Each structure stands twice: as structure tokens, then as C-alpha cells.
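The values are calculated or read from the model by the stated rules, or taken from the named source; none is laboratory data. Worth saying up front: this structure is predicted, and the values here are computed from it rather than measured. So basically every Cβ, Gly included, is an ideal-geometry build from the backbone, and we count neighbours across all protein chains shown.
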Amino acid sequence: MGLLSVVGTLALVFLLSPGLRSDLGGLLALLGNVGAAGIRDWILSFGVLSPVVYFFVVVEQVLVSPIPAEPLTLACALVFGVWEGLALSLAGSVVGSVLVFLAARR
């Protein structure tokens, strides 16, 4: 019942937040035309919050399999550098994998 309530809450937030719908719509449009340069520009558009946004995009990439990892990882290396990009990609992948594991255990 816990997972259902989380999904319901997220769906409600999505439906009630025009800003979130706009941002997610932009992300979906970007993913339709995936390229490292486009992803880099989108990540940089968040300014100081770019590392946090990238982290959550990687977590989502693990949860939603059709999102390709290669352009995300390349864009991360272009934006943050190799070592910080590696750390962000690894952390996001681990957190996403733990969430998938916990969901599968239920």
C-alpha cells in the first residue's frame, strides 16, 4: 500500500503543478531528440542546482529503462568534468538500483 500512496501523491503533484508539467514536458521533448549537447544545455539551465537535477535524472533513468544512459553520462562529463560526473552518475545509479531492488522485494 505504501508504493501505491507514493505513486498517487506524485501523480497528484504532477496534475496540480503547471510548472512541473512544463519542466517534465520539456524533458520528454528533449529525450525525444536525445543528444549530449542538448542534454548538457538542459542540465546547465538549472544553474547551481544542476548537480541535483542530474542526480535525479540518473535515478529516473534507472527506474525508467527506455531512457538511454550514454547521452546522459557523456553530457555529465561535459558539464561537471570526468571525476565529478563519474561520482554523480555512480551515486544516481546506486540510488536508482536500490529503489528498484526495494520495489522488487515488496
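A few notes on this one:
- Subset of region 41-62 (residues that are of a type in the set (Val, Ile, Thr), modelled with pLDDT of 85 or more and surrounded by 13 or more Cβ atoms within 10 Å (Cβ to Cβ)): 53, 57, 58, 59, 62
- Any chance residue 38 is modelled with pLDDT of 65 or more, surrounded by 10 or more Cβ atoms within 10 Å (Cβ to Cβ), touching a Cys at 6+ places or on another chain (Cβ under 8 Å) and not acidic (Asp, Glu): no
- The set of residues from region 58-81 being more than 16 Å from residue 37 (Cα to Cα), part of a helix (DSSP H, G or I) and β-branched (Val, Ile, Thr) comprises 58, 59, 62.
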